[in-house]
Amino acid sequence: MTPQLRMKRDDLLGLPALDLPAGYRLERATAEQAPEVGACAGAAFGEPWGEEWARKTLFEDPTVDSVLVIRAEDGQIAATATARSIPDRPEVGYVHFVGTRPEHTGRALGYLATLAVLHEFVRLGKTSAVLDTDDHRTAAIKTYRRLGFEPWMTDPSHPDRWAAIA
């Protein structure tokens, strides 16, 4: 199996302000919202995820610090991202499961959900951040680059794969 691409942001200084578009608000999700969070993530990733997936993967995982969601004015969760800890590297935050429902794309919600996670890391006392992504997620990679993430070569296959993306 080909390992995911890894990206890192060496510090969390100078983060842009988190300004959501009109009609959206940021929330910290609770386990009671697992059905909604699972539905959003499933729609974003094109997977049959739902409540059970969200409970097990997000709300019952002890490394998950926060599940952040961006809710639309109609009440639907439009985007989500997860702030995780790395047990042996408490100063590093791990950005995970960033996704936007297809009907809400084009509003920079993936950027804003990721930025919200970075602000959450600052609140939690973390000093840097990492994430994993896939080669075909070019829009996400552009978003992560805009937020200061750089490719991190952790596998021999990475240099060639990053060169192909560039």
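The values are calculated or read from the model by the stated rules, or taken from the named source; none is laboratory data. Keep in mind the model is a prediction, meaning the values are calculated, not measured. All Cβ positions, even for glycine, are placed from backbone atoms using ideal geometry, and neighbour counts span all protein chains on display. For the accessible areas, the whole protein counts, side chains as well, though only heavy atoms, and no ligand, DNA or RNA atoms are used. Shrake-Rupley method; radii C 1.70, N 1.55, O 1.52, S 1.80 Å.
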Excluding same-chain residues fewer than 8 positions from K8, which lysines have a Cα within less than 24 Å of its Cα?
K126, K142
Between A166 and T154, the two model label points (7 Å from Cα along the beta-carbon direction) sit apart by a distance in nm of 2.0 nm
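What does the net charge come to around W162 if you take all other residues with beta carbon closer than 12 Å to its beta carbon, with K and R at +1 and D and E at -1?
Values: positive: R6, R145, R161; negative: D135, E150, D155, D160.
Neighbourhood net charge equals -1.
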Segment 58-166 - percent of accessible surface contributed by carbon and sulfur, probe 1.4 Å
51 percent
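Using +1 on the beta carbon of Lys and Arg, -1 on that of Asp and Glu, and nothing else charged, what's the dipole of the chain about the Cα centre, debye to 20?
On the way: 19 positive and 24 negative charges, 87 e Å.
For the chain, the charge dipole is close to 420 debye.
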Here are a few candidate values for Cα Rg over 2.2 N^0.38 Å: (1) 0.99; (2) 1.22; (3) 0.95. Which one was actually calculated from the structure I just gave you?
(1)
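Order D132, D10, D65, most accessible first, counting only protein heavy atoms with a 1.4 angstrom probe. Don't skip to the answer; put the middle values down first.
Numbers: D132 35, D10 115, D65 65 Å².
Result of the area sort, largest leading: D10, D65, D132.
Please compute the net charge surrounding L26, taking Lys and Arg as +1 and Asp and Glu as -1 over other residues with Cβ under 14 Å from its Cβ. Don't skip to the end; give the middle numbers.
Values: positive: R25, R28, R71, R107, R123; negative: D19, E27, E73, E120.
Result for the local shell: +1.
When Lys and Arg each count +1 and Asp and Glu each count -1, what net charge do the other residues less than 15 Å away from I141, Cβ to Cβ, add up to?
+4
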Point-charge dipole on Cβ atoms (K/R +1, D/E -1) for segment 123-166, about Cα centre, debye to 20:
360 debye
